[in-house]
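Worksheet: one structure, shown below.
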Amino acid sequence: MILLLIRQIVLGLSIAAPIGPINIEIIRRGINQGFWPSLLVGAGGMSADLIIMFLMYHGLSGFLTLEEVQLALLVFGAGVLSYTGIQGLQSQPQLSDPSFKEMREQNEKSSLLGSYLTGASIAAFNPLNLLFWLGIYGSVLSSTFQNDNPLHAFYINSAVFIGIGLWNLNLSLSVFFGKRLLKKSILKGICLAASLFLVGCGLYFAFKAIGQFRTVIGI
């Protein structure tokens with residue numbers, strides 16, 4: 001039992017570690033707005049992932065194979081990621097401004113819900129994230145559901161999110177303390193690169209959506 005829980009926690013760490021839109025947004029928010037907004041981006045993503053895993057258990061995996069559903073996910077994913085990236089470009093911090101610290105503290109207090117919803121939206125409407133969870137469910141989690149009481153198995157598989165949460169906490173703390181050691185120009189460069197990465201992901205999904213649309217209508 002303990003070894004199974006440890007395996008699930010390690011699986012969660014391995015799921016969360018690769019660089020993707022959620023991690024990029026955690027880094028950007030941590031630099032721009034502080035520790036809690038960056039942590040809540042990860043919490044929002046975890047909430048969406050938990051719901052996705054629950055829905056996978058109740059048959060969502062078959063629904064995701066429909067071409068029309070894949071097209072809708074690509075469109076939503078392109079919109080959410082592009083919007084998040086553009087918002088980041090528009091709110092690049094003026095780190096040379098003496099009042100930046102006060103502005104950051106004010107933004108931190110006012111953006112907690114927005115950070116949580118951003119993380120949830122990115123996770124929920126990112127097609128690659130959904131396909132990734134589909135693969136994880138098919139290869140690892142489904143066997144646990146088959147061998148145990150469903151409710152008990154769901155709790156066991158939820159241990160995956162302990163690992164994801166530990167990674168998000170580690171990343172948020174690393175950004176919070178690490179940014180104190182970096183030059184302001186480097187921090188601005190990281191924020192700019194993070195925003196451009198999100199916009200690039202949005203454009204990529206938009207391009208994929210055009211191809212999927214042509215497939216749906218038979219062109």
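The values are calculated or read from the model by the stated rules, or taken from the named source; none is laboratory data. All values reported here derive from a predicted model rather than from experimental measurement. We place every Cβ from the backbone using ideal geometry, glycine too, and count neighbours over all the protein chains shown. Note: accessible area is taken over every heavy atom of the protein model, side chains too, but ligands, DNA and RNA are not part of it. Shrake-Rupley method; radii C 1.70, N 1.55, O 1.52, S 1.80 Å.
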Problem set entry | Conditions (1) within 19 Å of VAL160 (Cβ to Cβ); (2) crowded, with 19+ Cβ neighbours inside 10 Å; number of the one not met by GLY85 | (1)
Problem set entry | Matching residues, segment 126-148, being assigned to a loop (DSSP other than H, G, I, E, B) and at pLDDT 75 or above | ASN126
For this session: Only residues that are without any contact (Cβ under 8 Å) to a residue 24 or more places away in the chain and over 16 Å from ILE162 (Cα atoms): list them for segment 1-60, please.
Result: PRO18, ILE19, LEU55, HIS58, GLY59, LEU60
For this session: For segment 117-125, indicate whether the set of residues that are surrounded by fewer than 20 Cβ atoms within 10 Å (Cβ to Cβ), at pLDDT 90 or above and part of a helix (DSSP H, G or I) is non-empty.
Result: yes
For this session: Kindly check whether there is at least one residue in segment 180-192 that is touching a Gly at 6+ places or on another chain (Cβ under 9 Å), in a helix (DSSP H, G or I), within 25 Å of ASN129 (Cβ to Cβ) and at pLDDT below 90.
Result: yes
Exercise. Can you list the helices (runs of 4 or more DSSP H) found entirely within segment 12-92 that contain at least 3 residues being closer than 23 Å to LYS188 by Cα and of a type in the set (S, T, N, Q)?
Worked result: 67-90
For this session: Hey, can you tell me all the residues within segment 73-87 that are closer than 13 Å to VAL199 by Cβ, within 15 Å of the chain's Cα centre (by Cα) and not small (Gly, Ala, Ser)?
Result: VAL80, LEU81, TYR83, THR84
For this session: Return the only residue of GLY178, GLY218 being free of Cβ contacts under 8 Å to residues at least 24 places away in the same chain, open to solvent by 20 Å² or more (accessible area, probe 1.4 Å) and at positive phi.
Result: GLY218
For this session: Answer yes or no as to whether ILE219 is outside any helix (DSSP H, G or I), of a type in the set (Val, Ile, Thr), under 29 Å from LEU131 (Cβ atoms) and at pLDDT below 90.
Result: yes
For this session: Being open to solvent by 40 Å² or more (accessible area, probe 1.4 Å) and of a type outside the set (Val, Ile, Thr) is the filter here, so list the residues in segment 48-71 that pass it.
Result: LEU50, PHE54, LEU55, TYR57, HIS58, GLY59, GLY62, PHE63, LEU66, GLU67, GLU68, GLN70
Exercise. List the pairs whose first member sits in segment 200-213 and is under 14 Å from PHE125 (Cβ atoms), whose second member is of a type in the set (Val, Ile, Thr) and surrounded by fewer than 16 Cβ atoms within 10 Å (Cβ to Cβ), and whose Cβ atoms are under 9 Å apart, counting only residues at least 6 apart or on separate chains?
Worked result: GLY202/ILE86
